[in-house]
Amino acid sequence: MQELSADVVVVGGGGAGLAAAAEASHFSGRVIVLEKQPDLGGTTALAVGSIMASETDLQKKLNVKDSPRDHAADLEQIAENLKIYDDPKLRNLMTENVSDTVKFLQKLGVQFVGPVDQPPHRQPRLHQIIPSARGYISSLERHCRENNVGILLGMAATELVVEDQKVIGVLAKDAAGDTVRVLANKGVVLASGDVSANKRLMKEYVSPDLDRFEPFNPACTGDGQDMAAGIGAKLIARRDFGAEGLVQIRFAPPARSNWIQKLPLTPLMSKLMKFA
């Protein structure tokens with residue numbers, strides 16, 4: 001069995017995984033990203049690309065007076081209106097740090113337009129990337145490679161390696177089906193997406209009435225959730241996300257790519273589009 005080692009191993013090469021790898025590379029030495037698909041991107045690359053953020057420099061340029069507290073209050077009210085559960089600690093963690101996330105992305109060359117209104121938010125908070133959400137992946141990948149992050153494509157994580165009640169690495173299968181053991185000296189980050197393409201997990205933890213819905217990202221098969229549950233992690237059921245609610249929050253990706261998706265993702269092109 002082939003064996004690799006790093007300080008931090010990240011499972012998933014979408015927006016969350018690449019952001020985690022980029023941050024870890026600044027503090028933790030050697031970082032390896034395992035992505036089961038032949039390309040990076042995940043659900044982030046398929047998304048609209050907007051970020052709801054408060055107290056950003058772009059807001060300040062427009063004299064928008066906003067705060068993480070107001071942002072959190074609006075999200076709480078929206079959750080109540082939609083009758084969905086919203087964890088207060090996670091909500092506050094997000095609103096208090098999302099401005100730094102926007103700054104971090106801007107330093108990587110990501111260009112945003114806005115912020116624009118997005119009712120029922122009380123202030124303009126919607127920051128839209130140019131030209132598309134693929135720009136997140138392009139910028140993060142470039143930054144990761146510049147910081148010597150190892151990116152392994154076609155590498156599907158299958159199991160967490162535990163020793164003395166501590167996760168010390170990951171077992172994965174490469175494109176040829178061979179098992180690879182990837183050891184992590186400081187930790188493993190699970191950023192492998194949601195469970196929308198795993199009918200068993202969707203039925204068990206979300207809603208039993210979802211067979212007729214196609215997943216937004218077919219690669220979201222709940223690998224991280226299954227691996228975590230395999231070592232005793234507790235998965236939280238989200239019955240508040242019923243079928244009638246889920247169908248409203250995703251659009252199927254187009255059958256063919258359009259001209260916007262084919263635009264170059266260089267920082268220069270993004271700047272030109274921003275001021276066009």
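Given 54, 25, which one is within 25 Å of residue 185 (Cα to Cα), buried (at least 18 other Cβ atoms within 10 Å of the Cβ), over 14 Å from the mean Cα position of the chain (by Cα) and not aliphatic (A, V, I, L, M)?
Every option except 25 fails the conditions.
Can you go through 54, 99 and tell me which one is at pLDDT 95 or above, in contact with a His (Cβ under 8 Å, 6 or more places away or on another chain), closer than 30 Å to residue 236 by Cβ and not acidic (Asp, Glu)?
54
Please note which strands (runs of 3 or more DSSP E) are completely contained in the range 156-199 and include at least 3 residues that are of a type in the set (Ser, Thr, Tyr) and crowded, with 19+ Cβ neighbours inside 10 Å.
Answer list for the range 156-199: none.
Any chance the range 133-143 includes a residue that's farther than 26 Å from residue 27 by Cα and aromatic (Phe, Trp, Tyr)?
Looking for residues that are farther than 26 Å from residue 27 by Cα and aromatic (Phe, Trp, Tyr), one finds none in the range 133-143, hence no.
What single numbered condition from (1) in contact (Cβ under 8 Å) with a residue 40 or more places away in the chain; (2) on the phi < 0 side of the Ramachandran plot fails to hold for residue 73?
Among (1) in contact (Cβ under 8 Å) with a residue 40 or more places away in the chain; (2) on the phi < 0 side of the Ramachandran plot, residue 73 violates only (1).
Can you find even one residue in the range 35-44 that is in contact (Cβ under 8 Å) with a residue 60 or more places away in the chain, over 12 Å from the mean Cα position of the chain (by Cα) and crowded, with 20+ Cβ neighbours inside 10 Å? Spell out the reasoning first.
As a first pass, look at the range 35-44 and keep what is in contact (Cβ under 8 Å) with a residue 60 or more places away in the chain: 35-44.
From the residues that got through so far, the ones that are over 12 Å from the mean Cα position of the chain (by Cα) too are 35-39.
Still in the list and also crowded, with 20+ Cβ neighbours inside 10 Å: 35-36.
Yes, the conditions are met somewhere in the range 35-44.
Please enumerate the residues belonging to the range 81-106 that are free of Cβ contacts under 8 Å to residues at least 40 places away in the same chain and either basic (Lys, Arg) or in a strand (DSSP E or B) (or both).
Result: 89, 91.
Quick check: is even one residue across the range 36-54 over 20 Å from residue 192 (Cα atoms), in contact with a helix residue (DSSP H, G or I) (Cβ under 7 Å, 6 or more places away or on another chain) and not in a strand (DSSP E or B)?
There is at least one residue in the range 36-54 that is over 20 Å from residue 192 (Cα atoms), in contact with a helix residue (DSSP H, G or I) (Cβ under 7 Å, 6 or more places away or on another chain) and not in a strand (DSSP E or B).
If you take the residues of the range 85-106 that are in contact with a helix residue (DSSP H, G or I) (Cβ under 6 Å, 6 or more places away or on another chain) and more than 15 Å from residue 66 (Cα to Cα), which of them is surrounded by the most Cβ atoms within 10 Å (Cβ to Cβ)?
Only one residue fits best here, namely 91.
Specify which of the listed residues (135, 109) is surrounded by 14 or more Cβ atoms within 10 Å (Cβ to Cβ) and assigned to a loop (DSSP other than H, G, I, E, B).
So the residue among 135, 109 that is surrounded by 14 or more Cβ atoms within 10 Å (Cβ to Cβ) and assigned to a loop (DSSP other than H, G, I, E, B) is 109.
Picking from 105, 126, which residue would you name as being within 16 Å of the chain's Cα centre (by Cα) and closer than 22 Å to residue 59 by Cβ? Step through it out loud before you land on a result.
Details: 126 fails: within 16 Å of the chain's Cα centre (by Cα).
After applying the criteria, what remains is 105.
Restricting attention to the range 200-225, which residues are in a helix (DSSP H, G or I) and either within 21 Å of residue 47 (Cα to Cα) or not hydroxyl-bearing (Ser, Thr, Tyr) (or both)? Lay out the reasoning, then the answer.
Restricting attention to the range 200-225, the residues satisfying the condition of being in a helix (DSSP H, G or I) are 200-205, 223-225.
Result: 200, 201, 202, 203, 204, 223, 224, 225.
May I ask you to say which residue of 143, 127 is touching a Gly at 6+ places or on another chain (Cβ under 6 Å) and either on the phi > 0 side of the Ramachandran plot or at pLDDT 95 or above (or both)? I'd like the intermediate steps shown before the answer.
Values: 143 fails: touching a Gly at 6+ places or on another chain (Cβ under 6 Å).
When all the criteria are applied, what remains is 127.
Give the residue, chosen from 78, 32, that is in a strand (DSSP E or B) and either modelled with pLDDT of 95 or more or of a type outside the set (Ser, Thr, Tyr) (or both).
Details: 78 fails: in a strand (DSSP E or B).
Of 78, 32, the one residue that is in a strand (DSSP E or B) and either modelled with pLDDT of 95 or more or of a type outside the set (Ser, Thr, Tyr) (or both) is 32.
The values are calculated or read from the model by the stated rules, or taken from the named source; none is laboratory data. The structure presented is a predicted model; accordingly, all values stated were derived computationally and were not measured. Every residue, glycine among them, receives a Cβ derived from its backbone with ideal geometry; neighbour counts consider all protein chains shown.
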